[in-house]
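Working notes, beginning with the structure itself.
The values are calculated or read from the model by the stated rules, or taken from the named source; none is laboratory data. These numbers were taken from a predicted model, which means no experiment stands behind them. No Cβ is skipped: glycine too gets one built from the backbone with ideal geometry, and neighbour counts run over all protein chains shown.
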Amino acid sequence: MAGRINDDDVRAVRDAVPIDAVVSEYLQLRNAGGGNLKGLCPFHDEKSPSFHVSPSKGLFYCFGCQEGGDTVDFVMKVDHLSFAETIERLASQAGITLRYEQGSATPGRQQGDRTRYVEAHKAAARFYAEQLDGPEAEIGRRFLAERGFDQAAAQHFGVGYSPAGWDHLVRYLRGRGFTDKELIVSGLAQESRRNPIDRFRGRLMWPIRDISGEVVGFGARKLRDDDNGPKYLNTPETPIYKKSQVLYGIDLAKKDIAKSGRAVVVEGYTDVMACHLAGVTTAIATCGTAFGGDHVKILRRLLMDNSRARVIFTFDGDAAGQRAALRAFEDDQKFAAQTSIAVSPGGMDPCDLRLDQGDEAVAKLIETSTPLFEFALRSVVGDHEVGTPEGQAAALEQAAPIVAQIKDPAIRHGYAVALAGMLGILDTQFVVHRVATLARRARERGAAPGRRGADGRPRTAAPGRPSAPATAPAPAGPRGPALHLRSPAHRVERELLKLALQRPDLVSPAFDAYGVDEFTAPPYAAVRRAIEDAGGAAAADRDYLARVRDAAPDDTVRAMVTELAVEPLHTRRDPDEAYAGVQLVGVRLAAVNQRIAEVHGTLHRLGRNADPQQLAAVQNELWVLEQYGQSLRERGAAAL
């Protein structure tokens, strides 16, 4: 069992790794004002950024799905790690040596499982890279050279070689403390009759890294004719490798993708290498699977759904390549970016094109791409003899649903007109009307107009079975009490708590004198109590927010604390004592008015026959409250 990580080391890790630096490894952030940053949430699908990061407080919060927390929480959630695994990863990045209660340094057996698998892959990548220099790997070096890649290129991409023997890697990793079970579960080895053997043998190796740069798998290319395996062999699905959730080259391309607003999707590892070496440093590739929804999510977070951004797909010019392009078309509507297809005239992939015509040809291929809608229409229309009325009608039936899927009405109209031209139909309005009808029917059904199969053809429902509408998953409901916490009735309470968490210097010591009962919304009362239990606003220091979050009685209150600590204040200028005073007075005055109403109710219940002393006491309380309320209205914060 893993030993508990020393608390001081955990604190040092939290302090050493800025949250904005960590989050920006996964998504593009832009200025949100007030010192905060925002981007597209990695935990749910959204079109406009509601995910906020506060570097000064070390917290993030999504106002769309209510996920929030600090740097450790973010990494745990986004990479599905345990607390210990997260601390170990961040400590490794920060160069901090962790101490454990059961011993010093970080014994191998005490590390989290995922961390162990990642460390094994890191060691394996080093091993394979070293083997590429050996005599046995001459065939691999020749393969690279024939494709225009020298030793520097191999080193840049971490390309290596797996020896042809049965257990070279297994013995190497055993010597570094990894167990047979770890090697098998992580996909580096496979079981045999006696002992585990290397999964990859006698192949050229490409390390596959996740968006944070960790090696999570490998792609292995066949080199010899006597190798009876597939041409490319990838790591199987493991706890750290999901092929539908990784993009080869994303670790190298992410910064340029975010900076340039352009991503180039190619088909293979050598194509990524060729593009990068030709100056197209935004190239990425899928790993043994079609480009799908999870890949879209990765790119959307980097592109920020900018309508000026571009996603360019490159495919072989043959029939299979065109089918792949049409499959990519199905995901186009998930992007706000402009999506294009680049197919070289000779049908060459970027690697062959670079080898044949040089770097400039690769760059030109990308720059002269065709809009995806146009490519899809021309591919469908090209399958029909549009010189005859029958051919025109058949092509229109298949192409019109494609145009009808376009969400932007202006773009949809433009492509409808273009489709009429492609078909040779002189009555343009007939085609425009047909497309508009399909789009309207789709909106009424709440479904995509003309869903297609993998061949790009319209997909029809089975006989007797209606087409199922394409519905998005229902968003998660609010996790807190069903209160309208942003209504005017609670807005001042919310603003005061935000100040107490974000700018405690402006509201203390007055805030600490406020009772929990002065906050009428139960979640806000719970936050007020957490602040009190953490020592109050007057005791705020560098660990203040962490103490308040730790003092929260449950995850709901903890999430509310995070939300209030990140949410911008409702002031266009920097908050000052005057602004804070308005909020302090607002909450106190509301509490006074509520108490006055309660006292009026007590007087009504006592009636005229009440005990004189009791009646006088209640009337005196009412007089004091009314005088205090009047003073608050006239003097403001000076009356507190």
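Could you tell me which numbered condition residue 559 fails, if it satisfies all but one of (1) exposed (fewer than 15 other Cβ atoms within 10 Å of the Cβ); (2) part of a helix (DSSP H, G or I)?
(1)
Give 135, 163 a once-over and let me know the one that is surrounded by fewer than 20 Cβ atoms within 10 Å (Cβ to Cβ) and more than 12 Å from residue 206 (Cα to Cα). Spell out the reasoning first.
Working: 163 fails: surrounded by fewer than 20 Cβ atoms within 10 Å (Cβ to Cβ).
The unique qualifying residue is 135.
Are any of the residues in the stretch 219-231 at pLDDT 95 or above and closer than 18 Å to residue 122 by Cβ?
The answer is yes; a qualifying residue exists.
Exactly one condition in (1) in contact with a strand residue (DSSP E or B) (Cβ under 7 Å, 6 or more places away or on another chain); (2) more than 27 Å from residue 262 (Cα to Cα); (3) surrounded by fewer than 22 Cβ atoms within 10 Å (Cβ to Cβ) is not met by residue 82; state its number.
Every listed condition holds for residue 82 apart from (1).
Give the residue, chosen from 68, 64, that is buried (at least 20 other Cβ atoms within 10 Å of the Cβ) and either closer than 20 Å to residue 255 by Cβ or in contact (Cβ under 8 Å) with a residue 12 or more places away in the chain (or both).
Numbers: 64 fails: buried (at least 20 other Cβ atoms within 10 Å of the Cβ).
Step by step, each of 68, 64 is checked, and only 68 is buried (at least 20 other Cβ atoms within 10 Å of the Cβ) and either closer than 20 Å to residue 255 by Cβ or in contact (Cβ under 8 Å) with a residue 12 or more places away in the chain (or both).
Determine whether residue 302 is in the same structural domain as residue 213 (by TED's automatic domain parsing) and surrounded by 18 or more Cβ atoms within 10 Å (Cβ to Cβ).
Details: in the same structural domain as residue 213 (by TED's automatic domain parsing): no; surrounded by 18 or more Cβ atoms within 10 Å (Cβ to Cβ): yes.
Considered against the rule, which asks whether it is in the same structural domain as residue 213 (by TED's automatic domain parsing) and surrounded by 18 or more Cβ atoms within 10 Å (Cβ to Cβ), residue 302 comes out as no.
Taking the options 363, 394, 410, name whichever one is surrounded by fewer than 19 Cβ atoms within 10 Å (Cβ to Cβ), of a type in the set (Gly, Ala, Ser) and under 14 Å from residue 265 (Cα atoms). Break it down into steps so the answer makes sense when it comes.
Numbers: 394 fails: under 14 Å from residue 265 (Cα atoms); 410 fails: under 14 Å from residue 265 (Cα atoms).
After applying the criteria, what remains is 363.
Could you please let me know if residue 598 is farther than 30 Å from residue 11 by Cβ and either touching a Lys or Arg at 6+ places or on another chain (Cβ under 6 Å) or assigned by TED's automatic domain parsing to the domain that holds residue 504 (or both)? Reasoning before the result, please.
On the way: farther than 30 Å from residue 11 by Cβ: yes; either touching a Lys or Arg at 6+ places or on another chain (Cβ under 6 Å) or assigned by TED's automatic domain parsing to the domain that holds residue 504 (or both): yes.
Against the criterion (farther than 30 Å from residue 11 by Cβ and either touching a Lys or Arg at 6+ places or on another chain (Cβ under 6 Å) or assigned by TED's automatic domain parsing to the domain that holds residue 504 (or both)), residue 598 qualifies.
Quick check on the stretch 516-529. Is at least one of its residues basic (Lys, Arg), surrounded by fewer than 22 Cβ atoms within 10 Å (Cβ to Cβ) and more than 27 Å from residue 52 (Cα to Cα)?
Checked against the condition, which is being basic (Lys, Arg), surrounded by fewer than 22 Cβ atoms within 10 Å (Cβ to Cβ) and more than 27 Å from residue 52 (Cα to Cα), the stretch 516-529 yields no hits at all.
Pairs, please: C-beta under 8 Å, at least 6 apart or cross-chain, first residue closer than 13 Å to residue 79 by Cα and not assigned by TED's automatic domain parsing to the domain that holds residue 569 and in the stretch 21-35, second small (Gly, Ala, Ser) and crowded, with 16+ Cβ neighbours inside 10 Å?
As it stands, the answer is 23/39; 25/212; 26/212, since those pairs meet every condition given.
Residue 571 versus (1) within 32 Å of the chain's Cα centre (by Cα); (2) of a type outside the set (D, E, K, R); (3) farther than 20 Å from residue 59 by Cα; (4) crowded, with 22+ Cβ neighbours inside 10 Å: which is the lone unmet condition?
Residue 571 satisfies all of (1) within 32 Å of the chain's Cα centre (by Cα); (2) of a type outside the set (D, E, K, R); (3) farther than 20 Å from residue 59 by Cα; (4) crowded, with 22+ Cβ neighbours inside 10 Å except (4).
What residue, of 410, 394, 404, is outside the structural domain of residue 277 (by TED's automatic domain parsing), touching a His at 6+ places or on another chain (Cβ under 7 Å), at pLDDT 80 or above and among the small types (Gly, Ala, Ser)?
Details: 410 fails: touching a His at 6+ places or on another chain (Cβ under 7 Å); 404 fails: touching a His at 6+ places or on another chain (Cβ under 7 Å).
Result of the check over 410, 394, 404: 394.
So which of 192, 186 ends up being among the hydroxyl-bearing types (Ser, Thr, Tyr), within 29 Å of residue 272 (Cα to Cα) and in the same structural domain as residue 125 (by TED's automatic domain parsing)? Before the answer, list the steps.
Working: 192 fails: within 29 Å of residue 272 (Cα to Cα).
Going through 192, 186 in turn, just one is among the hydroxyl-bearing types (Ser, Thr, Tyr), within 29 Å of residue 272 (Cα to Cα) and in the same structural domain as residue 125 (by TED's automatic domain parsing): 186.
Would you call residue 572 modelled with pLDDT under 90, out of contact with any helix residue (DSSP H, G or I) (no Cβ under 7 Å at 6 or more places or on another chain), closer than 22 Å to residue 509 by Cα and not in a helix (DSSP H, G or I)?
It is false that residue 572 is modelled with pLDDT under 90, out of contact with any helix residue (DSSP H, G or I) (no Cβ under 7 Å at 6 or more places or on another chain), closer than 22 Å to residue 509 by Cα and not in a helix (DSSP H, G or I).
Out of 173, 144, I need the residue that is within 18 Å of residue 117 (Cα to Cα), in a helix (DSSP H, G or I) and touching a strand residue (DSSP E or B) at 6+ places or on another chain (Cβ under 9 Å). Which one? Step through it out loud before you land on a result.
Values: 144 fails: within 18 Å of residue 117 (Cα to Cα).
Residue meeting the stated conditions: 173.
Please state which one of 566, 561, 592, 585 is closer than 21 Å to residue 524 by Cα and in contact with a strand residue (DSSP E or B) (Cβ under 7 Å, 6 or more places away or on another chain).
Details: 561 fails: in contact with a strand residue (DSSP E or B) (Cβ under 7 Å, 6 or more places away or on another chain); 592 fails: in contact with a strand residue (DSSP E or B) (Cβ under 7 Å, 6 or more places away or on another chain); 585 fails: in contact with a strand residue (DSSP E or B) (Cβ under 7 Å, 6 or more places away or on another chain).
Unique residue meeting the criteria: 566.
Within the stretch 581-640, can you find the residues that are of a type in the set (S, T, N, Q) and in contact (Cβ under 8 Å) with a residue 40 or more places away in the chain? Walk me through it before giving the result.
Applying the first criterion (of a type in the set (S, T, N, Q)) to the stretch 581-640 yields 583, 593-594, 602, 609, 613-614, 619-620, 627, 630-631.
Once the filter is applied, which keeps residues that are of a type in the set (S, T, N, Q) and in contact (Cβ under 8 Å) with a residue 40 or more places away in the chain, the stretch 581-640 yields 583, 594.
Report, by residue number, each residue of the stretch 10-58 that is part of a helix (DSSP H, G or I), touching a helix residue (DSSP H, G or I) at 6+ places or on another chain (Cβ under 7 Å) and either buried (at least 17 other Cβ atoms within 10 Å of the Cβ) or among the charged types (D, E, K, R) (or both).
Keep residues of the stretch 10-58 that are part of a helix (DSSP H, G or I), which gives 10-16, 19-23.
Checking which are touching a helix residue (DSSP H, G or I) at 6+ places or on another chain (Cβ under 7 Å) leaves us with 10, 13-14, 16, 19, 22-23.
Those that are part of a helix (DSSP H, G or I), touching a helix residue (DSSP H, G or I) at 6+ places or on another chain (Cβ under 7 Å) and either buried (at least 17 other Cβ atoms within 10 Å of the Cβ) or among the charged types (D, E, K, R) (or both): 10, 13, 14, 19, 22, 23.
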